[in-house]
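The structure appears below as structure tokens.
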Amino acid sequence: MGLLRLLIYLGLGYALYRLLFGQGQGRPSRGTAAGPPPIDDLLVEDPVCHTYIPQRGAFALTLGETTTYFCSPECRKKYQSEQRS
């Protein structure tokens, strides 16, 4: 009976330890996210067709100190022609 009692106490002690100190703090437990993913790229709006595109893949046009982003070369040409007139 003494060995069984010892095993029960050890099991209860272990359960209490896990309850008080958590399950491996510092690393996420399985199946949960560690938080939101980092922002990899920004979405920018094309001023001509008003679609949103990733800034890295956009066609840029810099006029003075302002940079404008477009979804295609056609939208960029249309914007340039509107700015000239």
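The values are calculated or read from the model by the stated rules, or taken from the named source; none is laboratory data. None of the values given here were measured: they were computed from a predicted structure. Virtual Cβ from ideal backbone geometry, glycine too; neighbours counted across all protein chains shown.
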**OP:** Could you grab me the full set of residues in region 55-85 that are more than 15 Å from Val44 (Cα to Cα) and among the small types (Gly, Ala, Ser)?
**Re:** Gly64, Ser81, Ser85
Subject >> Qualifying residues in region 37-68 (those that are exposed (fewer than 10 other Cβ atoms within 10 Å of the Cβ) and over 20 Å from the mean Cα position of the chain (by Cα)) - the one farthest from Glu82 (Cα to Cα) >> reply: Glu65
Original post:
Of the numbered conditions (1) exposed (fewer than 10 other Cβ atoms within 10 Å of the Cβ); (2) at pLDDT 90 or above; (3) small (Gly, Ala, Ser), Ser72 satisfies every one except a single condition; which is it?
Top reply: (1)
